[in-house]
């Protein structure tokens, strides 16, 4: 964005400043026009209360404005060491009811200083560690720092140099009769008045300040008009919502009473948008820095700075009013999101450390020391400021020097030092900050002294052993002493050797047993298959006894062969035939060879004509259907004779099976096959037709 455009946008948004003043003018000038002639003003009411309390109490215990201003600057961003609970959806008893008239939810913070100067603003109480008995009052920083015109510069300097609650600081303030009052109003009358004893912490960037309220002084101002004489109740604490509501959420803004007799009220509006510290738009629920929130539909009145912005649906505080901002779209309420309150409080669930702490940080860290700087060299260089009398704890962490060829950078050394007093730390910072170390290679390191981000000093852990000094009661030690006092005996070498021998290895293991069982099972399976194969071979040999190869009788006819009468003795000796199962492929192949006259490998070879052995049948050449008739060639070998087991031989002529396919067997249907063509003139090829 161009610079001219930015300037135009900045001029279009006119900051109206605090709601308790006008622009940069003092609070006294703003309060002069805030009068109602018919009634007493807040200025008259509060100054009369101060006079009545001073007359009632011989020694006033109020803290002057000068001391509060000194604490405001010295305790910026101070850790409160107390917790603040998350209450996004509070119970009905703690929720703020914005539909009713405010009673004691919001306090009126009044900064009074002579001569008759007064600054009014708002505030509310929060519970520390969930305890309503120890509240803190939250308000705006600019309402206190803007009242510096009522206190001279010399008084502020003298108060800052002394202790905040010391007698000298009170004496300086009592002469001015200045104080900060926390006033509770309800029903058009003052119900309670308290002093602000001290400023515990402040956040200038977020415009938040935390006051410690004193006990009620309502008994000392009973003569003031409009002040209730009843016993004052404790301050009511409000629930805080840490989650910023989205834009468009309906909220309520507190409207202060114009005079002590008026009644405060709630004005309603809605959240317009969130902005960053430089005024850019930010989104809730993201990583954007939500520095400010703008509320549309309501404009705060004078004295509303520091009052809470309450979410109407849940009844929890979601922001703190800072002032009003005007732009092109009109004036809007300008507030700080409530999530900034946890910058000084401990987070819920974290351990609380309620130990009293000093106002100053005492732990420092020395950074950017040379990586190869020895520890003794460093302590010898800072011996004038870091020694046993000035420091309570120190720790040196040596770095790591890497070579020039390394891709990683060297790690610098550092030292943590805890001083006893803050002035010792300041002297060390002024003398050693920026000190330069130079090594042999000429590398220079310029150190820096800073506050340590973690101010707690690690405690030394001394763990005491419960068994220390109890060795005389240990059983093993006592047995050892008894063994020393006993008379030594000659050792039995043979018994020791037997006891020390390794146990014999087992001869068998579950794995070996399993392998042996598998071997036995496979062997039994092979024997069973072999027996089955032998049985089938025997059955095939017995079924072919006394039958010719061709299946015809010896007289050359095709009649079935006549079987010889069975021998009674042989039939008696035969075992009954067992039912045959389905033939395997090998058995079918062997049967086919038998049919074709080919001897099986198990059948012994024999010469033709030898009695008792089968012979190979003669080969018969079949003629083709389309070939001319030729005389069949007679077999050269005589027909084989087959002899049965009973030596009753009869001769059978071998017969061949009928040819299968289109050249034999059943006649083929349809047109006959075509004769093959010749392959030339010399071998059955086409020949010229001869004339007849």
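The values are calculated or read from the model by the stated rules, or taken from the named source; none is laboratory data. The model shown is predicted, which means the values in this text are computed figures rather than measured ones. Every residue, glycine as well, gets a Cβ built from its backbone with ideal geometry; the counts of neighbours run over all protein chains shown.
With (1) modelled with pLDDT of 90 or more; (2) within 29 Å of residue 276 (Cα to Cα); (3) surrounded by fewer than 14 Cβ atoms within 10 Å (Cβ to Cβ) as the list, and residue 384 as the residue in question, which single condition is left unmet?
Of the numbered conditions (1) modelled with pLDDT of 90 or more; (2) within 29 Å of residue 276 (Cα to Cα); (3) surrounded by fewer than 14 Cβ atoms within 10 Å (Cβ to Cβ), the odd one out for residue 384 is (2).
Which one of the conditions (1) exposed (fewer than 13 other Cβ atoms within 10 Å of the Cβ); (2) in contact with a helix residue (DSSP H, G or I) (Cβ under 9 Å, 6 or more places away or on another chain) does residue 360 fail to meet, given that it meets all the rest?
(1) is the only condition that residue 360 fails.
List the helices (runs of 4 or more DSSP H) inside region 472-570, counting only whole elements, that have at least 3 residues being within 30 Å of residue 595 (Cβ to Cβ) and modelled with pLDDT under 90.
510-543
Go through region 390-409 and give me each residue that's closer than 22 Å to residue 460 by Cα and out of contact with any helix residue (DSSP H, G or I) (no Cβ under 9 Å at 6 or more places or on another chain). Steps first, answer last, please.
The first filter runs over region 390-409 and keeps only residues closer than 22 Å to residue 460 by Cα, leaving 390-398.
Selection gives 392, 393, 395, 397.
Looking at region 90-112, is at least one residue part of a helix (DSSP H, G or I), surrounded by 24 or more Cβ atoms within 10 Å (Cβ to Cβ) and either in contact with a strand residue (DSSP E or B) (Cβ under 7 Å, 6 or more places away or on another chain) or in the same structural domain as residue 177 (by TED's automatic domain parsing) (or both)?
No: region 90-112 contains no residue that is part of a helix (DSSP H, G or I), surrounded by 24 or more Cβ atoms within 10 Å (Cβ to Cβ) and either in contact with a strand residue (DSSP E or B) (Cβ under 7 Å, 6 or more places away or on another chain) or in the same structural domain as residue 177 (by TED's automatic domain parsing) (or both).
Go through region 328-337 residue by residue and tally those that are under 33 Å from the mean Cα position of the chain (by Cα) and either at pLDDT below 90 or outside the structural domain of residue 89 (by TED's automatic domain parsing) (or both).
Residues flagged as under 33 Å from the mean Cα position of the chain (by Cα) and either at pLDDT below 90 or outside the structural domain of residue 89 (by TED's automatic domain parsing) (or both) within region 328-337 amount to 0.
Step by step: first the residues of region 277-327, then only those that are in a strand (DSSP E or B) and more than 40 Å from the chain's Cα centre (by Cα), then the one that is farthest from residue 95 (Cα to Cα). Which residue is that?
Top of the filtered list is 327.
Could you tell me whether any residue of region 254-268 is modelled with pLDDT of 90 or more, more than 23 Å from residue 187 (Cβ to Cβ), part of a strand (DSSP E or B) and in the same structural domain as residue 193 (by TED's automatic domain parsing)?
Looking through region 254-268, none of the residues is modelled with pLDDT of 90 or more, more than 23 Å from residue 187 (Cβ to Cβ), part of a strand (DSSP E or B) and in the same structural domain as residue 193 (by TED's automatic domain parsing).
Here are some conditions: (1) modelled with pLDDT under 90; (2) at positive phi; (3) surrounded by fewer than 22 Cβ atoms within 10 Å (Cβ to Cβ). Residue 248 meets all but one. Which one does it not meet?
Of (1) modelled with pLDDT under 90; (2) at positive phi; (3) surrounded by fewer than 22 Cβ atoms within 10 Å (Cβ to Cβ), only one is false for residue 248: (1).
Can you pull out every residue in region 180-220 that is on the phi > 0 side of the Ramachandran plot and either modelled with pLDDT under 85 or in a strand (DSSP E or B) (or both)?
187, 188
Among the residues of region 103-131, how many are at pLDDT below 85 and under 16 Å from residue 235 (Cβ atoms)?
Total satisfying the criteria: 5.
Which of the residues that make up region 431-453 are surrounded by 10 or more Cβ atoms within 10 Å (Cβ to Cβ), out of contact with any helix residue (DSSP H, G or I) (no Cβ under 8 Å at 6 or more places or on another chain) and part of a loop (DSSP other than H, G, I, E, B)?
433, 434, 439, 443, 452
When you look at residue 169, is it under 15 Å from residue 112 (Cβ atoms), assigned by TED's automatic domain parsing to the domain that holds residue 73 and either modelled with pLDDT under 50 or in contact with a helix residue (DSSP H, G or I) (Cβ under 9 Å, 6 or more places away or on another chain) (or both), yes or no?
no
May I ask you to say which residue of 529, 499, 495, 516 is outside the structural domain of residue 369 (by TED's automatic domain parsing) and either surrounded by 11 or more Cβ atoms within 10 Å (Cβ to Cβ) or touching a helix residue (DSSP H, G or I) at 6+ places or on another chain (Cβ under 9 Å) (or both)?
516
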